[in-house]
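Report on one structure; see the data block that follows.
The values are calculated or read from the model by the stated rules, or taken from the named source; none is laboratory data. Every value quoted in this text rests on a predicted model; they were computed, and no experiment measured them. No Cβ is skipped: glycine too gets one built from the backbone with ideal geometry, and neighbour counts run over all protein chains shown.
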Amino acid sequence: MLATAAPATCRRETWLTITLDARRTPAVIRAAGSGDTGACRVLEQQIRALRPLLAGAGITVTRWLDVPELAEVIRTGFDPHATPLLDQRRALAATQLDRGEQPAVPAGLDPALAGPAAAHTSWSSYRHDGAFSVTYAIHAWPLSPVYATALAALLADATHRRSFSFIIEPLGPRAAQKAVMVERTKREVGIRLRARTGQAVSASEQVALERAAAQDAE
């Protein structure tokens with residue numbers, strides 16, 4: 001989608017973030033040593049198991065960010081105008097390392113400087129340092145087929161900085177099966193009720209039932 005919708009002059013960066021909810025995995029964390037240490041071990045195990053799955057999906061992880069690099073990513077999100085300076089610092093540090101020298105100023109950023117220096121929240125926007133942010137959220141999948149260019153108006157703008165977040169929360173086998181059965185039952189009952197009362201069944205409703213049935217079969 002980005003390859004076809006975004007101009008070639010746009011700078012595109014893709015970050016994969018994996019989080020662990022300690023409230024949902026207390027037993028696993030205790031078995032790994034409890035506390036932050038146990039949580040880090042569990043998260044490391046999950047990341048290691050996720051690598052081949054990502055590769056199978058065609059997603060190549062080039063490297064994992066260290067703490068200063070993560071702080072830099074957060075900082076440039078709050079202050080996009082700092083990006084050129086941090087890029088120059090990174091390039092200079094890489095050049096010095098190639099020469100066998102110790103960088104005078106290391107790449108990345110101190111985590112204490114990651115957040116905004118100042119911020120203000122209004123009804124429709126969020127001001128942070130020298131930039132403004134407006135957020136749009138999509139809470140459900142489209143009911144009808146859409147093309148990849150549907151988001152071109154947001155992704156193809158070369159004037160403003162955009163951040164597109166795609167959040168996936170995996171479910172356990174039991175919870176996933178329950179969710180599929182609830183969705184399938186709801187669709188089947190709705191279609192039967194419409195047929196019994198002589199109402200027409202929309203194509204989107206029929207497609208949703210077929211999708212739920214296919215998920216149940218999987």
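Numbers at a glance
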read-out	value
Any chance residue 94 is modelled with pLDDT under 90 and touching an Asp or Glu at 6+ places or on another chain (Cβ under 8 Å)	no
Any chance residue 136 is surrounded by 11 or more Cβ atoms within 10 Å (Cβ to Cβ), aromatic (Phe, Trp, Tyr) and at pLDDT 75 or above	no
Per-region count, the stretch 191-218, residues within 19 Å of residue 142 (Cα to Cα) and either touching a helix residue (DSSP H, G or I) at 6+ places or on another chain (Cβ under 8 Å) or part of a helix (DSSP H, G or I) (or both)	14
Residue check for residue 197: loosely packed, with under 10 Cβ neighbours inside 10 Å, over 30 Å from residue 128 (Cβ atoms) and either in contact (Cβ under 8 Å) with a residue 40 or more places away in the chain or of a type in the set (Ser, Thr, Tyr) (or both)	yes
The stretch 32-76 - residue that is of a type in the set (S, T, N, Q), out of contact with any helix residue (DSSP H, G or I) (no Cβ under 6 Å at 6 or more places or on another chain) and under 30 Å from residue 87 (Cβ atoms) and, of those, surrounded by the most Cβ atoms within 10 Å (Cβ to Cβ)	60
Residues being free of Cβ contacts under 8 Å to residues at least 40 places away in the same chain, under 28 Å from residue 132 (Cα atoms) and surrounded by 10 or more Cβ atoms within 10 Å (Cβ to Cβ) - total across the stretch 159-177	3
Restricting the stretch 77-98 to residues that are within 22 Å of residue 159 (Cβ to Cβ) and either among the acidic types (Asp, Glu) or in contact with a Gly (Cβ under 6 Å, 6 or more places away or on another chain) (or both), the residue that is surrounded by the fewest Cβ atoms within 10 Å (Cβ to Cβ)	81
Among the candidates 43, 54, residue that is closer than 30 Å to residue 153 by Cα and in a helix (DSSP H, G or I)	54
Long-range neighbours under 7 Å by Cβ, at least six apart or interchain, first residue surrounded by 13 or more Cβ atoms within 10 Å (Cβ to Cβ) within the stretch 1-21, second among the β-branched types (Val, Ile, Thr) and modelled with pLDDT of 85 or more	20/42
Residue within the stretch 191-204 that is polar (S, T, N, Q) and closer than 24 Å to residue 73 by Cα present	no
Test set (1) small (Gly, Ala, Ser); (2) closer than 30 Å to residue 80 by Cα; (3) modelled with pLDDT under 80 - residue 130 fails condition number	(3)
